[in-house]
Structure formats: structure tokens, C-alpha cells
Amino acid sequence: LNASCVYTVVVPAMFGIVQLQSIRAAAFMAGISVSTVGSPQAAALAYLEKHASSFRGWKKHVLVFDLGAGSTSAAVMLIDDGVVEVKSLAGNLEVGGADFDTRLMRHVIADFSKRLPGSNMFASPRGLYNLRLACEQTKCMLSAAVETNITIDWLHDGDPIYLKINRSTFEDLC
């Protein structure tokens, strides 16, 4: 890193003063200068950068919604001729995409437990880890597809188990 540059660090929108001071202190100890930007503001700036010519002379309030893995935030910003100003910010540090994965995991476990009563197929940490990965992939696929299958091929005597899930069911779970 070049010590004469100022680097920008994107942080969760709900970071408090102590967390921001910790980032700045760590950067100072490393001999670099940093500025911090909240993730909704960074998203707005990235969008502005990509579409800069569209915003000349433009003055509007925009809502930026940031659904992260472990937190959710929303910011109302004023964009005035390409300058972004945060007007208000709210969020929840305890709700994010990982929570959706967990709800889908519970649904899969309940479904498989009905189909294979008495089996303890998700007892191992590795089994739960693989299930979490499968559920995360399913969540991502349902962003673009209306329906997909969760395939668990490492359970039940090596026979794959399938569960068809559609976006409507997923939305009801979450």
C-alpha cells in the first residue's frame, strides 16, 4: 500500500463510533490513511459512478436498501448533481441473509425428518455445514429462478435426497 494515498474502507451502515475509531486506529498503526463510508452510501456512489452522465443537474431523494449477510440497513439519501448526502439511516444488526439460510435449513430438516422418521441425518457438524451451503446456494438461485431443487447427496446411505422449493415457499419462510 502507498502511504501517501488515502484509502476508502466500506463499513456496515450501523457501525458505531467505537468500531469506526478502531478501523482508523488500525490503519494509523499500519501507516496508512483511511476514510470510512457506510455500505448504503458506497452502493449509491458506485451506482452514480456507473451512470454519472445521467445525474447531471439531477436532484432527488433515493432509498438505498442493503441486505447483507448479517445485517440489513436502509438509507435515504439526497443526490444533488452527483453529490450524495445521507439524510437518514436505519437498520438491524441481527437480520440478514444468513437468517434466511437458517430458516430454509429448518424447513429442509423438517421435510426430511417427515420423509425419513427416526433418522438423525443432520447430527454431524459436517452435515449441517453442507446443508447450510446447499440452502445458501438455493437462496441465491431463487433470486433468478422461480423454482429449484435442494439436492442432498451425502445422506441416507449415499442415495441423494431432493426437495423442490419455489420462490413463493421461500418468501413465506422468510
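The values are calculated or read from the model by the stated rules, or taken from the named source; none is laboratory data. Since we're looking at a predicted model, the values are computed, not measured. Neighbour counts run over all protein chains shown; Cβ positions are idealised from the backbone, glycine included. Ligands, DNA and RNA are excluded from the accessible area calculation, which covers all protein heavy atoms including side chains. Shrake-Rupley method; radii C 1.70, N 1.55, O 1.52, S 1.80 Å.
Run through all the Cα pairs of the stretch 30-93 and give the fraction in each 10 Å bin from 0, expressed as whole percent.
With 10 Å bins starting at 0, P(r) equals 21, 46, 25, 8, 0.
Within the chain, what is the number of lysine pairs with alpha carbons under 18 Å apart, leaving out pairs fewer than eight places apart on the same chain?
Details: Lys50/Lys59; Lys50/Lys60; Lys59/Lys87; Lys60/Lys87; Lys114/Lys164; Lys139/Lys164.
So the count of such lysine pairs works out to 6.
Whenever you get a sec, compute what percent of the accessible area on the chain sits on carbon and sulfur atoms (1.4 Å probe). Before the final figure, lay out each step's value.
Numbers: 6110 of 11010 Å².
Result for the chain: 56 percent of the exposed heavy-atom area is carbon or sulfur.
What are the equivalent ellipsoid semi-axes of the chain, built from the alpha-carbon gyration tensor (square roots of five times its eigenvalues), in whole angstrom, biggest first? Walk me through the intermediate numbers first.
Values: eigenvalues 341, 92, 39 Å².
Semi-axes (√(5λ), whole Å): 41, 21, 14.
What residues have an amide H closer than 5 Å to that of Val9, excluding those fewer than 5 places away on the same chain, when H is modeled at 1.01 Å from N in the peptide plane?
Correct list: Ser35, Thr36, Val37.
Using the Cα centre of the chain as the reference point, and only Cβ charges (+1 on K/R, -1 on D/E), how large is the resulting charge dipole? Debye, rounded to the nearest 20.
Result for the chain is approximately 200 debye, rounded to the nearest 20.
Over the stretch 1-49, average the accessible area per residue using a 1.4 Å probe and give it in Å², no decimals.
On the way: 3120 Å² over 49 residues.
Computed with neighbouring chains in place, this is 64 Å² per residue.
Each residue of the stretch 166-174 in turn: what ³J(HN,Hα) in whole Hz from Karplus with 6.51, -1.76, 1.60 and θ = phi - 60°, glycine and Pro shown as x?
Each residue of the stretch 166-174 in turn: 10, 4, 4, 4, 4, 5, 5, 5, 9 Hz.
How long, wide and thick is the stretch 82-174, going by the Cα atoms along their three principal axes, in whole angstroms, largest first?
Cα spread of the stretch 82-174 along its principal axes, largest to smallest: 60, 27, 20 Å.
What does the helix-only formula give at 222 nm for the chain: each DSSP H stretch with n ≥ 4 adding -39500 (n - 2.57), the total divided by the residues, and the result rounded to the nearest 500 deg cm²/dmol? Intermediate values should be presented prior to the final figure.
Working: 5 runs with 68 residues, N = 174.
Mean residue ellipticity, 222 nm, calculated: -12500 deg cm²/dmol.
What are the ³J(HN,Hα) values, in whole Hz, obtained from phi via the Karplus relation 6.51 cos²θ - 1.76 cosθ + 1.60 with θ = phi - 60°, for each residue of the stretch 65-71 in sequence order, with x given for Gly and Pro?
Result, ordered by residue: 10, 10, 9, x, 5, x, 8 Hz.
Taking θ = phi - 60°, what integer Hz values does the Karplus form 6.51 cos²θ - 1.76 cosθ + 1.60 yield along the stretch 102-117, in sequence order, with x for Gly and Pro?
Along the stretch 102-117, the couplings run 5, 5, 5, 4, 4, 5, 5, 4, 4, 5, 5, 5, 5, 6, 10, x Hz.
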